[in-house]
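Report on one structure; see the data block that follows.
The values are calculated or read from the model by the stated rules, or taken from the named source; none is laboratory data. This is a predicted model, so every value here is computed, not measured. Note: ideal-geometry Cβ built from the backbone for every residue, glycine included; neighbour counts use all protein chains shown.
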Amino acid sequence: MPPVIDWKLCNACGICYQVCPQDVFFFDKKQKAMPVIAYPRECWYCGACVIDCPQGAVSLTLPLPLHIVPSPALYGPPGPDEEEALGRAADFSRSIEQDPMEGGP
Amino acid sequence: MNNVAVQEHSCDICVVGGGLAGCMASIRAAELDHDVILVDKSNPERSGCAGTGLDHIWGYFPEVQGREGVSLEQMVEDHAQNVAQGLVNRRILHYIAATSYNRILDLERFGARIRFDDSTLPGGVRLQYQMHACRNTLHFEGRDIKRILAGAVRRSGAHILDRVMVTELFTQDGEIAGVAGYGTRDGRIHRIRAKAVIMTTGRVNRLYRPFPGLTFAIRMPPALTGDGKAAMFRAGVELINMEFLSIPGRWSSRNLIRGGGLPTGSYQPPGLGVNALGEVIRRRNHEVGGKTVYGTAKTFATGKSFQGELEAGRGPIYADMSWGSEEDQRYMLWAIENEGLGPGFLHLMERYGLDFRKHKIELWPIEPEHSAAAAGGPIVDDACQTTLPGLYAAGDEAGGIPGSVAPGAFTMGYLAAESAARRAAAARGRAEAKGDGGLIDFCNDILNRSGGDPWEDAQATIHNIMSDYNTHIRSQTMARRGLECLEYLENTMRLTAANPHELTHCLEVRNLIECGKIILRSTIERRESRGSIFQRKDCAEQDDANWFCFLGQKLENGQVRFQKHKP
């Protein structure tokens with residue numbers, strides 16, 4: 001259940017406990033023990049503990065209802081016309097010359 | 001007896017809620033040389049809607065929109081008509097649009113990266129279409145915006161009081177005198193006296209049965225339970241437009257992402273929306289551009305809608321992001337990583353072997369959301385002051401400015417701080433206010449109860465009542481029954497808690513019930529239907545002549561009173 005701490009990597013700094021907006025961890029600074037996942041079912045899957053852990057020791061695990069069942073994608077490499085459209089798409093948000101909007105403001 | 005301890009604090013300006021609005025308000029108030037306490041139920045480092053990211057802020061960039069022939073006034077009008085359906089506080093909306101760019105420059109000063117070498121726009125900013133008919137949304141590196149803001153709060157000299165959930169306001173001689181809250185870890189009552197208070201606790205997020213079936217698996221932060229709105233209502237502050245609702249909510253994949261590029265993702269280029277037959281239902285964002293507004297009933301450039309395809313038997317709907325160049329893919333991944341929930345989503349994709357180049361991602365309409373398209377909350381004046389003198393509200397907390405979102409948080413937070421600072425400077429001393437609004441008794445009752453109802457059961461009951469009586473089939477009789485059920489729950493439940501964490505959830509339940517009752521009462525009172533945000537089966541027509549108004553509701557001498565305001 002989420003999140004999971006790799007005990008081999010954790011240095012018991014307590015950052016996950018500090019930042020978690022859902023307060024799913026328990027940690028006692030005085031004991032210098034590693035954090036415990038006290039409320040696994042209250043995880044929001046925001047990833048704060050994952051990105052802020054200086055040791056890369058935290059990962060998230062999904063409960064079954066949240067699994068995304070894989071489904072193959074439809075579109076492969078774009079064809080010639082699509083390529084042109086994609087080129088414009090990549091440019092437009094950073095350029096003032098082009099306006100791919102239909103209609104516009 | 002196991003009674004809670006009380007800890008006293010005092011400051012000039014107390015900011016309640018450490019999201020985007022609360023952080024900006026704290027920084028500005030401290031810059032103006034005031035003694036500031038920022039109280040957060042979590043920790044401003046990662047709390048609120050932008051906890052793990054914010055990649056977009058709309059605003060008026062004169063050097064870009066001006067050259068494209070769009071004036072500030074036109075952009076405001078576009079927002080008022082197309083995003084807010086005409087029901088909006090135009091003066092605050094204008095302020096947001098006009099000053100958003102200044103606050104973006106503040107973010108850059110605090111350390112956020114907003115300029116990119118690949119942009120040919122003035123200033124090197126990346127701008128895109130989001131919900132307006134012109135390209136006005138800054139696309140920036142905002143994954144760590146909350147950590148950046150929390151750092152700026154600390155440097156400003158404002159004091160952060162984290163893990164305290166404010167649930168009550170106290171007043172003296174009809175003016176704000178302070179707040180009271182519960183320490184979610186230390187289990188103490190914290191009473192904070194202040195000359196001015198700024199409320200920024202955001203949305204009410206745990207009212208409706210969540211689509212994936214798990215209480216905390218919702219799109220926006222589950223820690224946001226309408227604590228500010230409930231506290232203000234109990235203190236007699238007038239709330240408006242609480243009846244509006246996003247039905248259905250946005251589309252997401254298991255609520256793990258804010259849109260996955262579809263259908264109203266804030267970033268470009270996103271994927272295609274396809275049905276189960278592989279037909280394109282929604283083309284890439286840029287091809288529908290500013291015509292996207294909140295809601296799902298809107299047909300896309302193909303003349304089809306996701307909901308329509310489901311109903312025509314061609315579901316489910318997928319986001320297909322495989323169709324793109326390497327550059328597109330890189331840009332998309334960068335965008336996802338910088339928008340809220342995105343870092344967690346990408347981490348999970350990798351962990352479970354999902355890849356946008358190989359897999360399309362299934363999308364469903366999620367549960368209804370309050371306050372997103374609606375902006376129900378306290379009515380505010382031009383200074384962001386509520387109806388209680390000395391009490392201000394900003395961002396998603398404030399009522400009457402739909403779609404104000406991130407720029408609303410930054411600009412109103414700043415404005416509320418300036419207003420609160422003026423008031424604090426004029427005040428002679430800090431009030432010697434007493435009282436806690438019943439908070440101490442509520443906590444002691446629960447702590448001293450052996451056996452009883454776990455908070456999870458009350459939460460599930462709230463989900464059922466609000467989903468059954470106040471979503472797709474709304475009417476006066478349904479809302480009345482919903483109200484009866486909430487009152488029954490309130491009077492019958494005997495909540496129990498083993499520790500401060502559980503007692504915090506009990507207090508959240510209390511606030512959710514308060515907000516639910518306000519919403520149902522407003523639903524009874526608004527006797528019309530208004531676009532996608534309010535539909536009543538028994539009053540199906542829009543009634544501009546009688547009802548083009550902000551519907552206000554407040555507690556006065558124990559009685560609920562309604563009042564209509566011209567927007």
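Quick notes on this one:
- Enumeration of residues in the stretch B:9-50 that are within 12 Å of chain A (Cβ to nearest Cβ), touching a Ser or Thr at 6+ places or on another chain (Cβ under 9 Å) and on the phi < 0 side of the Ramachandran plot: B:Gly18, B:Gly19, B:Asp40, B:Lys41, B:Ser42, B:Pro44, B:Arg46
- Summed over the stretch B:337-360, residues that are of a type outside the set (D, E, K, R) and either more than 28 Å from B:Lys146 (Cα to Cα) or part of a loop (DSSP other than H, G, I, E, B) (or both) total 7.
- Yes/no for B:Arg46 being part of a loop (DSSP other than H, G, I, E, B) and buried (at least 17 other Cβ atoms within 10 Å of the Cβ): yes
- Test for B:Ile114: is it within 13 Å of chain A (Cβ to nearest Cβ), within 24 Å of B:Leu415 (Cα to Cα) and in contact with a helix residue (DSSP H, G or I) (Cβ under 6 Å, 6 or more places away or on another chain): yes
- Residue satisfying condition, being in a loop (DSSP other than H, G, I, E, B), modelled with pLDDT under 95 and more than 9 Å from chain A (Cβ to nearest Cβ), within set B:Leu87, B:Leu138: B:Leu87
- Yes/no for B:Arg494 being closer than 30 Å to B:His190 by Cα and out of contact with any Leu (no Cβ under 7 Å at 6 or more places or on another chain): yes
- Residue list for the stretch B:381-423, filter: touching a Lys or Arg at 6+ places or on another chain (Cβ under 6 Å) and either within 27 Å of B:Glu556 (Cβ to Cβ) or at pLDDT below 95 (or both): B:Asp382, B:Gly390, B:Asp396
- Count - residues of the stretch B:1-43 that are in a strand (DSSP E or B) and either within 12 Å of B:Thr200 (Cα to Cα) or touching a Pro at 6+ places or on another chain (Cβ under 7 Å) (or both): 6
- The sole residue among B:Arg28, B:Arg46, B:Arg91, B:Arg67 that is in contact with an Asp or Glu (Cβ under 9 Å, 6 or more places away or on another chain), basic (Lys, Arg) and farther than 30 Å from B:Ala426 by Cβ is B:Arg46.
- B:Arg67 fulfils the conditions (1) touching a residue at least 60 places away in the same chain (Cβ under 8 Å); (2) at negative phi except for a single criterion, (1).
- Residue count, the stretch B:197-215 (criterion: closer than 29 Å to B:Ile13 by Cβ and of a type in the set (Gly, Ala, Ser)): 1
- Subset of the stretch B:532-552 (residues that are within 23 Å of the chain's Cα centre (by Cα), modelled with pLDDT of 95 or more and more than 19 Å from B:Gln81 (Cβ to Cβ)): B:Leu551, B:Gly552
- Some residue of the stretch B:222-242 being within 13 Å of chain A (Cβ to nearest Cβ) and more than 26 Å from B:Ser404 (Cα to Cα): no
- Residue list for the stretch B:186-204, filter: within 19 Å of B:Gly22 (Cβ to Cβ), touching a Cys at 6+ places or on another chain (Cβ under 9 Å) and in a loop (DSSP other than H, G, I, E, B): B:Ala194, B:Lys195, B:Thr200, B:Gly202, B:Arg203
- B:Asn511 being in contact with a Gly (Cβ under 7 Å, 6 or more places away or on another chain) and part of a helix (DSSP H, G or I): yes
- Inter-residue pairs, beta-carbon under 9 Å, first within 16 Å of B:Tyr331 (Cα to Cα) and buried (at least 21 other Cβ atoms within 10 Å of the Cβ) and in the stretch B:115-132, second of a type in the set (Asp, Glu) and modelled with pLDDT of 80 or more, 6+ apart: B:Arg126/B:Asp118
- If the condition is being within 23 Å of B:Ile160 (Cβ to Cβ) and either touching a residue at least 60 places away in the same chain (Cβ under 8 Å) or touching a Phe, Trp or Tyr at 6+ places or on another chain (Cβ under 8 Å) (or both), then the stretch A:13-37 contributes A:Gly14, A:Cys16, A:Tyr17, A:Pro21, A:Gln22, A:Asp23, A:Val24, A:Phe25, A:Phe26, A:Phe27, A:Pro35.
- Test result for B:Gly142, closer than 30 Å to A:Leu66 by Cα, touching a strand residue (DSSP E or B) at 6+ places or on another chain (Cβ under 9 Å) and small (Gly, Ala, Ser): yes
- Index of the failed condition, A:Ile5 passing every other in (1) modelled with pLDDT of 65 or more; (2) over 16 Å from B:Leu346 (Cα atoms); (3) touching a Lys or Arg at 6+ places or on another chain (Cβ under 9 Å): (3)
- Residue check, B:Gly295 part of a loop (DSSP other than H, G, I, E, B) and either closer than 17 Å to A:Leu74 by Cβ or at pLDDT 70 or above (or both): no
For (1) at positive phi; (2) crowded, with 18+ Cβ neighbours inside 10 Å; (3) in contact with a strand residue (DSSP E or B) (Cβ under 8 Å, 6 or more places away or on another chain), each residue gets a yes or a no:
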| residue | (1), (2), (3) |
| --- | --- |
| B:Cys485 | no, yes, no |
| B:Asn491 | no, no, no |
| B:Asn499 | no, no, no |
| B:Glu508 | no, yes, yes |
| B:Leu520 | no, yes, no |
| B:Ser529 | no, yes, yes |
| B:Lys564 | no, no, yes |
